[in-house]
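The values are calculated or read from the model by the stated rules, or taken from the named source; none is laboratory data. Please read these numbers as outputs of a predicted model, since none were measured by experiment. Cβ: placed from backbone, ideal geometry, glycine included. Neighbour counts: every protein chain shown. Note: accessible area is taken over every heavy atom of the protein model, side chains too, but ligands, DNA and RNA are not part of it. Shrake-Rupley method; radii C 1.70, N 1.55, O 1.52, S 1.80 Å.
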Amino acid sequence: MLKIITRSRLFIANLTGKIGFYPSLFALGGLVFGFAMLYAEDRGVSSFLIENAPQLVINDAETARTLLSTFIGGIISLMVFSFSMVMILLNQASNNYSPRILPGLISNKKHQNVLGFYIATLIYCILILLSIKPTDDKNQLPGFAVLVGIVLSMLVLALFIYFIHSISEAIQINKIIESIYNSAKTRLQQLISKTDDALSKEDFPSSEDWDAIEVNRTGYFQTIAVDALLELCNTYDCSVEVSVPKGTFILQGIPIAKCSKALDDEQKEQLLTCFGFSRSEIVSHNYILGFKQLTEIAIKAMSPGINDPGTAITCIDYLSELFALRLKKEDFSFIKNQEKQAVIKLRTIDFKELIYFVFAPLRAYCKQDVIMLHKMLTALYFLQQSHSVIENAETIIIDEANRILEDAKAAITNKADLKGVFDIRNKMAAINSTQQELVALDH
């Protein structure tokens, strides 16, 4: 039973992230609403309104058919135009920014709701049109249902105007960067608020000799059904260490977790159902993807074909804020049971690994740009002064600054430019509280 419940939760979590989920709900709602209106017509709602408020009822069958046919054709045309434009803009975003941002743009809930309302209105109008019979007199004609169709079609026009405005804003690079930043920031804040890891580190036993559990499928490790995993730990009286961080692409047969007790095949299968996999990556599930996307946008912006250093600088600004927030989270995470005992240990990408994989490509593509070198060192200088719960964070930051300074010495030939870069190095050296020395400028 637990296996079925866990799989159902993970299935629903993945289903709600699909682009067609909300439009499908709207379509179903349009169908249900259409049948509800036809039921109301059978109960005599139009006859009642003809007697009491005749201005609210369409009482000519030919007029009703013409209006509904026009609305159906018009809505289909709007749908084709709207989403043809979306595909063009998405192609432009992929070429200019990064293909990795497309899932976030496509899954925009606002645009899905607009598409869903288009489809719901279309289904409603088709249903009402089919209910109009050639022999209808004014008392049998679903006149009020036709009026509702007119109102819904007017709302479609209003939503079309809103859609044009929304998509033109959503495709702007500043909005895209801000959206990625907000998603990653929200996820990080959720993790920080739920962790009490410093006290759990000493309590959790060593997992060196634990039984490895191999994954039975391939995909991105996306989510964990925490409640179900905690229940299994309680049932089997064991502890679990997740061996790979979320967002990692897992190949079949790779160990994904370790268990303090040897489990049989059925128990291992139950435990594996607690892990959710996907063929795509979602920022709201894994904040690391936010760092990746911002880094890729910055690198693409610095390419000769795009040549947009302003966008790259904006990305580094947002990355600086995310890194400052990441400094408030330990490099390890634990989940506790009802007795406040840490029974699940989560593998996370540590700060050293994260900052290296962000700044390494930036250094490679931007080391000859003095402004970008300034910006990267300024970001590290800001992080050096930020509050951190990570024990060796400043040493990691100094090491990364040294890599940038070494690249600057090798790539920048203008002495004045090089001195400007090393001025930031001097500021970092003035507050350096570690044993690690910063690279000096040799005259």
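Accessible surface ranking for Ser278, Ser183, 1.4 angstrom probe, highest first: Ser183, Ser278.
Measuring nothing but protein heavy atoms, the accessible surface of the chain at 1.4 Å probe radius is 56 percent carbon and sulfur. Entry note, the chain: the mean residue ellipticity at 222 nm calculated from DSSP H runs of n ≥ 4, each adding -39500 (n - 2.57), is -21000 deg cm²/dmol after division by the residues and rounding to the nearest 500. In order along the stretch 286-297, the phi-based Karplus estimate (6.51 cos²θ - 1.76 cosθ + 1.60, θ = phi - 60°) of 3J(HN,Hα) comes to 9, 5, 4, 4, x, 4, 4, 5, 5, 5, 5, 5 Hz; Gly and Pro are listed as x. Counted by Cβ distance under 11 Å from Ile250, the other residues give a net charge of +1, where Lys and Arg count +1 and Asp and Glu count -1. Would you mind checking which residues have amide H under 5 Å from Ile250's amide H? H placed 1.01 Å from N; only 5 or more apart, or other chain. Hits under the 5 Å cutoff: Gly219, Tyr220, Phe221.
Ranking Met37, Tyr236, Thr273 by how far each Cα lies toward the positive end of the dipole of the chain (charges on Cβ) leaves Met37 at the top. Comparing Ser168, Ile123, Tyr287 along the charge dipole axis of the chain, the residue lying farthest to the positive side is Ser168, per the Cβ-charge model. Each Lys or Arg adds one and each Asp or Glu takes one away; over the other residues whose Cβ falls under 12 Å from the Cβ of Met302, this sums to +1. Taking all protein chains into account, the per residue accessible area for the stretch 366-418 stands at 48 Å² (1.4 Å probe). Accessible area of Lys419 (1.4 Å probe, protein heavy atoms only, ligands and nucleic acids ignored): about 120 Å².
Each Cα pair under 8 Å and six or more residues apart adds its separation to the average, and for the chain the resulting relative contact order is 15 percent. I'd like the orientation of helix 173-194 relative to the chain: the angle between its Cα long axis and the longest Cα principal axis, in ° from 0 to 90, rounded to 10. Long axis of 173-194 versus the principal axis of the chain: about 70 degrees.
Between Tyr236, Tyr318, Tyr356, the GNM of the chain built on Cα springs shorter than 10 angstrom shows Tyr236 fluctuating the most. Our summary gives the stretch 300-443 a relative contact order of 24 percent, counting only alpha carbon pairs under 8 angstrom and 6 or more residues apart.
Across the stretch 310-322, rounded Karplus estimates of 3J(HN,Hα) from the backbone phi angles (6.51 cos²θ - 1.76 cosθ + 1.60, θ = phi - 60°) give x, 5, 4, 5, 4, 4, 5, 4, 5, 4, 4, 5, 5 Hz, Gly and Pro being marked x. Calculated accessible area for the stretch 237-362 comes out at 42 Å² per residue, all protein chains present (probe 1.4 Å; ligands, DNA, RNA ignored). So what's the gap between the Cα centers of the stretch 307-352 and the stretch 219-283, to the nearest angstrom? The two parts, judged by their Cα centres, are 21 Å apart. A simple charge model with +1 on the Cβ of Lys and Arg, -1 on the Cβ of Asp and Glu and nothing else charged puts the dipole of the chain at about 780 debye relative to its Cα centre.
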